[in-house]
Amino acid sequence: MGCALAGCRSSGARSDQADAGKPAAAGPPAAAGAPAAPFKVAFNTWLGYSPLVIAREKGFLKEAGLDVEFSILESIGEKNSALMRGAIDAVGHTADSAVTSASAGVDGQIVYVFDLSSGADGILARRSIKSIADFKGRKVALEPGFTGHFFFLSLLSEAGLTPADVTIVPMDTGSAGSAFAAGQVEAAVTWEPWIGKTKTMKDAHVVVTSADRPGLIVDVLYMNRATIQKRSEDVRAMVLAMGRAVDWYSGNTAEGDEIIARFWKLPLPEEKETVAGIKFMSLPRNAELFGTESAPGQLLDTVRRANDVWLKAGITKKPVEPAALLDFASVNGAAKEKR
């Protein structure tokens, strides 16, 4: 899932880089009658998490009696460590990264879907590579264990290929795009702005983007199960505030884009280019994606696929129970309250 600081999700994106700020230590629980303790949420640098940013900046969280403290942690390892030691309550993740975190021992659940990637992520290649099937025997630059890797492996499987049929050139996602643009690799799994830059390259094209496979790349809020259990009402209120933020943004896009660009320290044109490739999910849409325990929605399919893909690729060693990673109650409770 897009571009940002210094040129992409490593720089304005779902980067796995270690350019991280450190989260504040977890504070003690609030005394009875005292204001709710702030939720501590860590993001990597990616605009898709902006519904929570807007909810704070527009005062929707404050009106619900909540506060959220943000910190930046770029790598999945840093996020996992902070979650496990209780320094933070939740992280901005992708659905497939929630699987790798759970497999690594992080006891958490997805409580909200921020957005679906809709063109912000993709696979670039020289024109001689016309389809995914043509990747057999080729070298491709991507970030191992990251969401683009999951995207690529999923497409390989659809084409009847296995990871052994290609040679991975490991590098972070933003660097994969720049390496491709510099002619150093013949294919890359990357995001904006590199996808758009192919228009100016002579021997380059976009083989496929996330818009062609909706629902594979999904940005989510992944929260410690202990926090969900101890603060269920507050979690539901936060979900409701994020849904309110998405509704507000749909009617106030110009102001919303300014808030997003300012928070992520991006020029407004770059912010608009990136946001154009993602779709923020409303609360009713979240309820559809989650479904219920007895009738789960599309999100469970994505988590199941991630579990299978990561295991087969050897990225995870321990399978997870996909349905156990979804907190159906918070989203559905918030959706009912909204009605």
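The values are calculated or read from the model by the stated rules, or taken from the named source; none is laboratory data. Small disclaimer: the values here were computed from a predicted structure and weren't measured. Cβ: placed from backbone, ideal geometry, glycine included. Neighbour counts: every protein chain shown. These accessible areas exclude ligands, DNA and RNA; they are computed on the full protein's heavy atoms, side chains included. Shrake-Rupley method; radii C 1.70, N 1.55, O 1.52, S 1.80 Å.
Here are the numbers for this structure:
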{"quantity": "Rounded to the nearest 10 Å², the accessible area of Leu268 at probe 1.4 Å", "calculated": "60"}
{"quantity": "Built amide H within the under 5 Å cut-off of Thr94, gap 5+", "calculated": "Val220"}
{"quantity": "Cα gyration tensor, the stretch 187-325 - rounded (a/c under 1.5), prolate or oblate", "calculated": "oblate"}
{"quantity": "The chain - mean residue ellipticity at 222 nm from DSSP helices (-39,500 (n - 2.57) per run, n ≥ 4, rounded to 500)", "calculated": "-11500 deg cm²/dmol"}
{"quantity": "When the stretch 51-96 is reduced to its Cα atoms, the Kirkwood hydrodynamic radius in Å", "calculated": "12.0"}
{"quantity": "Hz values of 3J(HN,Hα) by residue in the stretch 254-259 - Karplus curve (6.51, -1.76, 1.60), Gly and Pro given as x", "calculated": "4, 5, x, 4, 5, 4"}
{"quantity": "Range of Cα positions in the stretch 64-214 per principal axis (Å), largest first", "calculated": "55, 32, 26"}
{"quantity": "Most to least packed among 63-72, 162-171, 235-244 [average Cβ atoms within 10 Å]", "calculated": "235-244, 63-72, 162-171"}
{"quantity": "The stretch 246-318, accessible area per residue, ligands and nucleic acids excluded (1.4 Å, Å²)", "calculated": "52"}
{"quantity": "Cut-off under 5 Å, modelled amide H: who pairs with Gly108 long-range", "calculated": "Arg225"}
{"quantity": "Cα Rg, Dmax, the stretch 207-288, angstrom units", "calculated": "15.1, 46"}
{"quantity": "Normalised contact order of the stretch 189-328, rounded percent, pairs of Cα under 8 Å and 6 or more residues apart", "calculated": "18"}
{"quantity": "Residues of type aspartates and glutamates that Lys272 reaches as a straight line, Cα spacing below 20 Å, ignoring anything fewer than 8 places off in the same chain", "calculated": "Glu57, Asp115, Asp121, Glu192, Asp219, Asp247, Glu255, Asp257, Glu258"}
{"quantity": "Cα-based equivalent ellipsoid, the stretch 248-311: semi-axes from gyration tensor eigenvalues, Å", "calculated": "31, 17, 8"}
{"quantity": "In order through the stretch 58-64: 3J(HN,Hα) via Karplus (6.51 cos²θ - 1.76 cosθ + 1.60), integer Hz, x for Gly, Pro", "calculated": "8, x, 5, 5, 4, 5, 8"}
{"quantity": "Shape of the stretch 116-185, Cα gyration tensor, a/c cut at 1.5", "calculated": "rounded"}
{"quantity": "Whichever lysines have a C-alpha closer than 20 Å to that of Lys40, once near sequence neighbours (fewer than 8 apart) are set aside", "calculated": "Lys22, Lys58, Lys62, Lys79, Lys230"}
{"quantity": "Furthest towards positive pole of dipole, Gly314, Leu300, Ile54, structure part the chain, Cβ charges", "calculated": "Gly314"}
{"quantity": "Between the stretch 157-198 and the stretch 249-287, the alpha-carbon center distance in angstrom", "calculated": "26"}
{"quantity": "Table column - 3J(HN,Hα) (Hz), the stretch 236-246, Karplus curve with 6.51, -1.76, 1.60, x for Gly and Pro", "calculated": "4, 5, 5, 4, 4, 5, 5, x, 5, 5, 5"}
{"quantity": "Heavy-atom SASA rank of Lys279, Lys202 (probe 1.4 Å, accessible area, largest first)", "calculated": "Lys202, Lys279"}
{"quantity": "Kirkwood Rh in Å, taken over all unlike Cα pairs in the chain", "calculated": "19.9"}
{"quantity": "Sequence of Arg339, Arg127, Arg56 when ordered by accessible area, the most exposed leading, probe 1.4 angstrom", "calculated": "Arg339, Arg127, Arg56"}
